[in-house]
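A short write-up of the structure that comes next.
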Amino acid sequence: MSVNYGPRAHRKVGMPRIKSVVPTVQVTVDQENRLASLAMSDAQILGANRRAHQPGNLPKGGWVMAAVGVLICGTAVLAFLTSSSAAPGVLTLLGVFAALGIFFVFGLLAGHIRLTARTESDDVIAAAVDNVDNALVVTARDGTVVFANSAAEATFRWSPNVQSMALERVFAGSTAGNEAYFRLMRALDRGATRREVVSLSDLPIRRGETILRVTVRPLDARYAATALDGGGVWTIEDLTQDRLRERHVREQLEKRLAVFQSLPAGLLVAEASGRIVYANPQLCSWLGLDWDPRTRELNLSDLVTTDGVELLTGIAAASDEIDTAPTIDLDLIRDDGTIWPATLLVQPAGPAYGAITALVLDRDTRIAERSSVDEPLATESFAQFFRSAPFGIGVISADRMVHSSNAAFSRLLFDPATNRNRDALTVLGRGLDQSARDAVSQALEDALQGKANIAPMEVSIGEDALNTRRLFFAPLSRSSQAVVYVLDATEQKALEMKFAQSQKMEVVGNLAGGIAHDFNNVMTAIIGFADLLLGTHRPGDPAYQNIKEIRSSADRASDLVHNLLAFSRQQQLQPQVLQLQELVTDVSVMVKRALGEHIELKIHSGRDLWFVKADRGELTRVIMNLAVNARDAMADGGTLTIRTKNVSERESRRLAKQGMTQGPYVLIEVEDTGVGMSSDVLDKVFEPFFTTKAVGKGTGLGLSTVYGIVKQTGGFVYPESTPGEGTVFRIYLPRVEADTRDVDTDTAQERPQGDLTGTGRVLVVEDEDAVRRFAVEALKRQGYDVASACDGVEALEILEDNGYAVDLIVSDVKMPELDGPALLDRVRKVRPELKFVFVSGYADDGFSSSLESDPHSTFLPKPYSLAKIAATVKERFGG
């Protein structure tokens, strides 16, 4: 194909600058063979454009002749239309016009005909491309230029007389340019995008070096079948001025830093992030560094100990608040890992190229230059600091002997000897296992060899390894000695363990609360329908015993969830004012029955016990769980003693270290003479599912339940045990001020059911279908007129339709859309005295507190039995 390039002919065929052509050449944006039309000279194209757009192309007087011609033709047409012989022709003409009108309407609706002027998008594209600062070039597969914007023409000074232009000529002036062009074209052949920064010489825009960033991108797949198949779009950005400016700044910086090359002191410049920008030769010599910033990145953490890095970055961050350059003593790290003592004069506000600038001096040289007058004062001050430090300090000599130590060192390591020259590993490793002794030995060796940044370690020492010590090892500069710092971390370790334990218990509690609601709904349905079946079968029926087994298994599963909720302190309590002496007396009957004949039960009640506020049933569960555990610990017989007494506020101070709040309490003490527990078992005694019993002999939730109930009541529980001598659990319940009239006098453990039938209108609101059907059927069997709703919204509709003519509402607490508490608020506005029975498998503390203040509401926990819901409703009706 022969292409003739005239002036501006390098522009892409159909691109913005070509508006129209002579009649022999049709040029459009969508034409596939764009390159063929380039044979027409640019002069012809521009001439055609001028002829097509100049309004003065008509000859002189042409407008007058055209107007006369139009007038004559109009007169002739009018004369013909008014003649009698023109009627058929007129009708035909009208039909043609009507058809054309219909076609015009359809074309307009379809969008093929537009009444507005076409937007000259080519002009918009041309203006956008020509106003781009960077050169933009489109090439064919062979590198031939198809299009170039104004910036490209200006950059490369492309002449209109060039017959064949290729981008290759731009890069042909240097080896680097040829190699870059080869890599770019190879990427274009693969259909990939590539970017190169290349330095070219003697381009038309300037003599000498020109630095360009060249990016090539393959053309869109839409051009696959056109002459531009395999072509690319080249973006060329001139970076020369930016690179020259950077080079100038770098040269100026090097000139400034060159002053420090021959200084007898070190110079360190670092960024706020810690990256080192500059270190002069003297500092590199001191630290044994062979550092080239172009090949190796260096950070403050590579040269300064951890604490020193934080100190230096802190000074940089607080540069606005520091008026004078601080002088600090730090141990720098040599390239071989040993330490080198230095004094740093730190510039708070560094120059633009670094936020931290420090003049580094040899610390030993400075010490030698000090006046001998100051040495006695310094020595005395250090000795006083050494003796009175609240943490242990021990200096270890090169032969691994304790050279000197302070009193805290001996106290924290339980080493009564204060004389020197004792083996350091013997002192530090007393009572440690072999792995811990090896770790201490290795740390000592590293410190004596001058290694820096030795990781601290924790060791457990003392009787039963109950004391934790944190050891820090550091070398002493310019000597073969080391120093060991000893800190007491026992309390911190205990707090960490308590926190971890509380986190573990919280996780289990959240799990219990999450499953309790749904699980108790299922168990309510199982227990309820089992009760209904038992009511229809006689004890002699074959299915009766099977139903009883289902009922018993469901009760055990319910107790398991109840224990989990009690442990997690998320169960619904019904607290009341209690007299513990009466409660213990009543519970003793069940405790004696659970202990059996081989264990003796003793009750010691204090006089004039104060009142407490607790849930009677849950407190009974606490005493029973402790009694059962005591029974299992006395397999060969023994004595179980239950004591109660008042504890004054002064006495409670002794337990403040164990976390008990100061105040008056009533104590319940349950003591056995069993096998006791070791300290390891005692630490885990309240963990859920932890048990020392054989598999299948216990769930491990008994003591967890005790802990949860006591804590939810506001009390404290502390165990104490000695192996072989027995165990005692002390429960402290806070005293409440109350009148005897407020005390619960109902001491019966199980009320006789009596007659549970009744009359009245009851509305059951429950979102679980099975639970709702059971509750409705159970209450209907007792004689009540029962209606039901699946949620609070439906319940309100039923109430409004019946004029709120109900006597009692049994409602679930958690329901979609409108829950139980929200339903209560809506109903109270219309019927303030309407009675409520709330049922739930899990209710939060906020609901519990609000329920206590409502005299017309009560709570029935799930799962409930037929007898339980019947008795609760009967009680609400005043039966």
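The values are calculated or read from the model by the stated rules, or taken from the named source; none is laboratory data. Quick caveat: nothing in here was measured; it's all calculated off a predicted structure. Cβ atoms come from the backbone with ideal geometry, glycine included; neighbour counts cover every protein chain shown. With ligands, DNA and RNA removed, areas are computed over all heavy atoms of the protein, side chains included. Shrake-Rupley method; radii C 1.70, N 1.55, O 1.52, S 1.80 Å.
Values computed for the structure shown
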{"item": "Accessible surface, per residue, of segment 453-563 when the full set of protein chains is kept, probe 1.4 Å, Å²", "result": "56 Å²"}
{"item": "Accessible surface of residue 507 - all protein chains present, 1.4 Å probe, nearest 10 Å²", "result": "100 Å²"}
{"item": "Taking the convex hull of Cα positions in segment 538-616, its mean projected area over all directions (nm²)", "result": "8.7 nm²"}
{"item": "Distance in nm between pseudo-label sites at residue 246 and residue 537 (7 Å out along the Cβ direction from Cα)", "result": "8.8 nm"}
{"item": "Whole-Å semi-axes of segment 624-737's equivalent ellipsoid (Cα gyration tensor)", "result": "25, 15, 13"}
{"item": "List 171, 690, 103, ordered by accessible area with a 1.4 Å probe, largest first", "result": "103, 690, 171"}
{"item": "Dimensionless Rg over Rh [segment 403-536; C-alpha; Kirkwood]", "result": "1.42"}
{"item": "Potential extension, residue 387-residue 179 segment - 0.36 nm per residue separation minus Cα distance", "result": "67.6 nm"}
{"item": "FRET E, pair residue 168, residue 130, Förster distance 25 Å, beta-carbon r, rounded to 0.05", "result": "0.55"}
{"item": "Calculated P(r) of segment 485-562 - Cα pairs past 21 Å, %", "result": "54 percent"}
{"item": "Potential lengthening between residue 657 and residue 207 on full extension [0.36 nm per residue; Cα-Cα distance subtracted]", "result": "153.5 nm"}
{"item": "Per-residue SASA entry for residue 610, accessible area with 1.4 Å probe, Å² rounded to 10", "result": "60 Å²"}
{"item": "Links that overshoot a 26 Å alpha carbon limit, given the list 613/645; 548/835; 504/711; 548/684", "result": "548/835; 548/684"}
{"item": "Cβ-Cβ FRET estimate between residue 345 and residue 401, R0 fixed at 25 Å, reported to 0.05", "result": "0.10"}
{"item": "631, 772, ranked by accessible area, largest first (probe 1.4 Å)", "result": "631, 772"}
{"item": "Solvent accessible area, Å² - residue 276, 1.4 Å probe, full protein context", "result": "0 Å²"}
{"item": "Overall form of segment 575-623 per C-alpha gyration tensor (a/c, 1.5; a/b vs b/c)", "result": "oblate"}
{"item": "Backbone N within segment 436-469 under 19 Å of label point (7 Å from residue 492 Cα along the Cβ vector)", "result": "440, 453-462, 466-469"}
{"item": "Three-way shape label, segment 610-691, alpha-carbon gyration tensor, a/c 1.5", "result": "prolate"}
{"item": "Segment 384-473: proportion of alpha-carbon pairs further apart than 19 angstrom, %", "result": "37 percent"}
{"item": "Exposure rank, largest accessible area first [648, 704, 388; 1.4 Å]", "result": "388, 648, 704"}
{"item": "Which of 490, 589, 544, positive extreme of dipole for segment 487-611 (C-beta unit charges)", "result": "544"}
